[in-house]
Amino acid sequence: MRFDLTDLRLFLTVVECGSLTGAARTVHLALASVSERIAGMETALGAPLLERNRRGVRPTAAGEALARHARGILGQVEQMRGELRTYASGLKGRIRLLSNTAAMAGFLPPQLCRFLAAQRDLSIDLEERPSVEIVQALVDRRADLGIVADITDLAMLQAHPIANDKLVVVVPHGHRLAGLARVGFDELLAEPMVGMADTALETHLAERAARLGRQLDYRVKLRNTEHVAMYVEAGIGIAILSNALAGTIRRDLAILPLDEAWAVRRLHLCARDFGALTPHAALLARQLLEDRGD
């Protein structure tokens, strides 16, 4: 059984399109050529890879396994090409780092500044993503390192705590809660909310509300912190944010500590396998772990 990279890319395209016709159109091949190539893969494997139906095709159990391995193999090939391109452009190493919003706002910027100043031959591809997406990207080998909150399921990764992240409540100054020194979560459940589009935080808060037999009333969910602040200032609702994010708000709003033990989250540095990191990714991981917060 021998599949080349073209076979794997073609098969993934078929799976993603859900039809041979759609895949043929995407890769600019004749439908007969695509069908023949898939049939050849099935013959080599000795098992069907696709189930045909009226709407198109879907992978069999063998096809699902092949798709999973194909994504991993092609991801490694792209990683190899990316690293080799950095050598061609005069760079000696590139690290793919994903971070949640809280770490991007507080912990990470000074750390990366020191690292890049000291490591002149290294570069970092930095992206801000929700914690749940970061975990999946690490599992799929689409990133070297990630920083996520511990309210995310980290069972498939290796993880080390690096910093604390406290949740706070953001309200307009004229709001009934604005004069309090701190506020309990149960006091917020009757309030309309402006949410930050962070799947992990949203799930965490929903679980806490469910324990009290309630649910949060989100009027809108936004991805930009300043937009959240604008809606809060306009009286649309109140918001629960990380303290690091709240510290970036430029509007005149009241920021209250959320008075709950679970409101202190832990940020974790994660990898699929720290022992398998590239030397330059391992160097960044070592600095972040040495300089971790209390």
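Could you identify the single residue in A210, A254, A200 that is surrounded by 13 or more Cβ atoms within 10 Å (Cβ to Cβ), among the hydrophobic types (A, V, I, L, M, F, W, C) and at pLDDT 90 or above?
On the way: A210 fails: surrounded by 13 or more Cβ atoms within 10 Å (Cβ to Cβ); A200 fails: at pLDDT 90 or above.
Result of the check over A210, A254, A200: A254.
Scanning the stretch 1-52 for residues that are polar (S, T, N, Q) and assigned to a helix (DSSP H, G or I) yields T6, T13, T21, T26, S33, S35, T43.
Among the residues of this structure, R266 does not count as one that is of a type in the set (D, E, K, R), touching a helix residue (DSSP H, G or I) at 6+ places or on another chain (Cβ under 8 Å) and either closer than 18 Å to A159 by Cβ or outside the structural domain of L201 (by TED's automatic domain parsing) (or both). Here T26 clears all of (1) among the hydroxyl-bearing types (S, T, Y); (2) free of Cβ contacts under 8 Å to residues at least 24 places away in the same chain; (3) more than 26 Å from D140 (Cβ to Cβ) except the condition numbered (3).
Annotation note: of R68, R94, R81, the sole residue that is exposed (fewer than 13 other Cβ atoms within 10 Å of the Cβ), at pLDDT below 90 and more than 25 Å from R223 (Cα to Cα) is R81.
Number of residues in the stretch 121-148 that are among the small types (G, A, S) and either part of a loop (DSSP other than H, G, I, E, B) or surrounded by fewer than 23 Cβ atoms within 10 Å (Cβ to Cβ) (or both) equals 3. The residues in the stretch 133-181 that are without any contact (Cβ under 8 Å) to a residue 12 or more places away in the chain and hydrophobic (A, V, I, L, M, F, W, C) can be counted, and the count is 1. Of the residues Y218, Y231, the single one that is of a type in the set (S, T, Y), touching a residue at least 24 places away in the same chain (Cβ under 8 Å) and in a strand (DSSP E or B) is Y218.
Taking (1) surrounded by fewer than 20 Cβ atoms within 10 Å (Cβ to Cβ); (2) of a type outside the set (F, W, Y); (3) modelled with pLDDT of 90 or more in turn, E290 satisfies each apart from (3).
The values are calculated or read from the model by the stated rules, or taken from the named source; none is laboratory data. Nothing here was measured: the structure is a model prediction, and the numbers come from that model. Methodologically, a virtual Cβ is constructed for each residue, glycine included, from the backbone with ideal geometry; neighbour enumeration extends over all protein chains shown.
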